[in-house]
Amino acid sequence: MLNVNIENISVSVQGSFRKLLSGISFSLPHNCVYTILGSNGSGKSTLIKSLTGLLDYRFYKVKGDVFFNQSNILKIKSDELIKIRKKYIRYVFQDAIKSLDPLKTIKYYFDNSGGEIGKIDELLNQFQLPHYKTISEKHAYELSGGMLQRLNFVLALSAEPELIILDEPTSAIDPINSVLFLKAIRNFVKAGNNSALIVTQDLQFAEKIIDKITLLKDGTITEFVDTNTFFNSDHSANSSLINAYKELSR
């Protein structure tokens, strides 16, 4: 059963006292969608990359612990960490085209996802993408940004991980496909002992998708709370991001 505990994560610049993130702790239980909301430059991408050692340690220093099903994935050997990433955790990054090698066809990524072609074709159809036979022969540069973002999500789902981490999943897609993301994420967390962690500045998407939500601001996060509490309580009243959203929603 999936159980993730993040304890006192701090990220700083190597050779500097400058802290980008500090004192971040939360638990991510199974069958849930947790969302971290924040504006551009708040450190959302830095945070999610720090959780499985994806930051370049030449430039960043990470302190703290991340327990994934009892394994401290920031302290284990690199080969063990690679196995956990490959089998249990999938990322969907905001810059989809940089996530794929332009010299490789999409077939390479499907072959390494571990998913069956029938399941992959079902997911491709669900996300209004060409069938496996057609899209597998393409290179990343032959697809649009929106198609690539949806494709990366299909690749993540087809691997059947326990945890999916999504970085601004709606940044390159239209409102119709945003609805498809909402449905797919919900189905994913209901399918087994799975969970999703999302970082975004899309408040409308966050308000519809989440079980719990927090705000990343000034290098740290508030407590994860439910939607109504987050958007209506006093703790969010001082956030210009939330206030602007409320004004636009009237």
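Which listed residue (L37, L54, V4) has the Cα farthest towards the positive end of the charge dipole for the range 1-100, taking +1 on Lys and Arg C-beta and -1 on Asp and Glu C-beta about the Cα centre?
L54
Here are a few candidate values for volume of the Cα convex hull per residue in Å³: (i) 121; (ii) 154; (iii) 131. Which one was actually calculated from the structure I just gave you?
Given (i) 121; (ii) 154; (iii) 131, the calculated one carries the label (iii).
Please report F188, F59 as a ranked list, fewest other C-beta atoms within 10 angstrom at the top and most at the bottom.
F59, F188
Mind checking which aspartates and glutamates have their C-alpha under 15 Å from K44, skipping anything on the same chain fewer than 8 residues away?
Excluding near neighbours in sequence, the set is D95, D167, E168, D202, D218.
When the dipole is taken about the Cα centre of the range 55-110, and only Lys, Arg (+1) and Asp, Glu (-1) are charged at their Cβ, what size is it in debye, to the nearest 20?
100 debye
For a quick check: sort M1, M147 by the number of other beta carbons within 10 angstrom, fewest at the front.
Fewest-to-most ranking of M1, M147: M1, M147.
Using a/c under 1.5 as the rounded threshold, could you call the range 28-85 rounded, prolate or oblate? The axes a ≥ b ≥ c are square roots of the C-alpha gyration tensor eigenvalues, and prolate needs a/b larger than b/c, oblate otherwise.
oblate
How many lysine pairs in the range 79-180, separated by 8 or more positions in sequence or lying on different chains, have Cα atoms less than 17 Å apart?
8
Going by C-beta contacts inside 10 Å, put R90, R150, R58 in order with the fewest on the left.
Lowest count first: R58, R90, R150.
What are the membrane-span-like helices in the chain by this rule: whole DSSP H runs, Cα extent along the axis at least 30 Å, mean Kyte-Doolittle hydropathy at least -1.0?
Counting only whole DSSP H runs, no helix qualifies.
Calculated from DSSP H runs of 4 or more alone, at -39500 (n - 2.57) each and per residue, what is the 222 nm mean residue ellipticity of the chain, nearest 500?
Value at 222 nm, helices only: -11000 deg cm²/dmol.
Each reported figure results from applying straightforward, stated rules to the coordinates on display, with no laboratory input. In this text, all values refer to a predicted model and were calculated from it rather than measured experimentally. For neighbour counting, all protein chains shown are included, and Cβ atoms are generated from backbone atoms with ideal geometry for every residue, glycine included.
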